[in-house]
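To keep things clear, I will list the structure first and then write my remarks on it.
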Amino acid sequence: RYLAGQGHKVFVADKFLDEDYYILTLAAIAEELSLQGITTADVHIAAGVPLTWLGSQAKEFKAYLLRNDTVCFSYKDKDYHINIVGADIFPQGFSAIAKNLFMFKGANMLADIGNGTINIMHIIDQKPDVNKCFTEKFGTEQCVIRINEKIMQTFHTSIHENVITEVLRFGIADIAEKYLNIIVEEAREYTKEILERLKIHDYDAETMKLYIVG
């Protein structure tokens, strides 16, 4: 038995060494099948790894996802039976804009902000520049860690990560204003640092468009 969604998933660079990602993949498949009202299907998995790690991780991550041809499992009190018929591994973030590449005229930058990493890709006249793809270990996990460190230093206590996430998503939570102020302040500093890192990788607001996904 597994319980998903409790606590924060710590960033793991090599996903194929962590059993959790396989379980989370099955949960994601179950969610998709549930939307279609089915519990049995042939499934071809499309998964992603950080842009600059694609060459070193794609083969092993694909084998990790394909280790079982048939999987029977229960999810949210429903039984599922799936045949995993294939898997393709793509650079993270690119899938979000692949269908809209026609919009990416001129100079563009794509920044995919995840839990552990920020993946950066330059797209010039609708074509990704493979020589200008970067991965920074500066995902939202770093922001959450900084916030709790600041709260611990200031008030000698900590706040549950779910509360911090609520503030990051909606700007408010049912907590004392002194804690809310620190979360917002640290989030603003984190955002400033993201923009500084993008500038290091040649982002120029006056000459290119920036697209952020995550």
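The values are calculated or read from the model by the stated rules, or taken from the named source; none is laboratory data. Not measured: the values here are computed from a predicted model. As a convention, Cβ positions derive from the backbone with ideal geometry for all residues, glycine included, and neighbour counts pool all protein chains shown.
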Among the helices (runs of 4 or more DSSP H) contained in segment 116-214, which hold 2 or more residues that are of a type in the set (A, V, I, L, M) and surrounded by fewer than 15 Cβ atoms within 10 Å (Cβ to Cβ)?
-> 140-155, 177-200
Give me the pairs, please: first residue somewhere in segment 134-148 and under 14 Å from A187 (Cβ atoms), second residue anywhere and aromatic (F, W, Y) and at pLDDT 95 or above, beta-carbon distance under 6 Å, and either six or more positions apart or on two chains.
-> C143/Y190
The strands (runs of 3 or more DSSP E) lying entirely within segment 1-111 that contain at least 1 residues which are modelled with pLDDT under 85 and under 17 Å from the mean Cα position of the chain (by Cα) are 40-49, 78-91
Quick one: which residue in V130, V71, V144 is out of contact with any helix residue (DSSP H, G or I) (no Cβ under 9 Å at 6 or more places or on another chain) and of a type in the set (V, I, T)?
-> V130
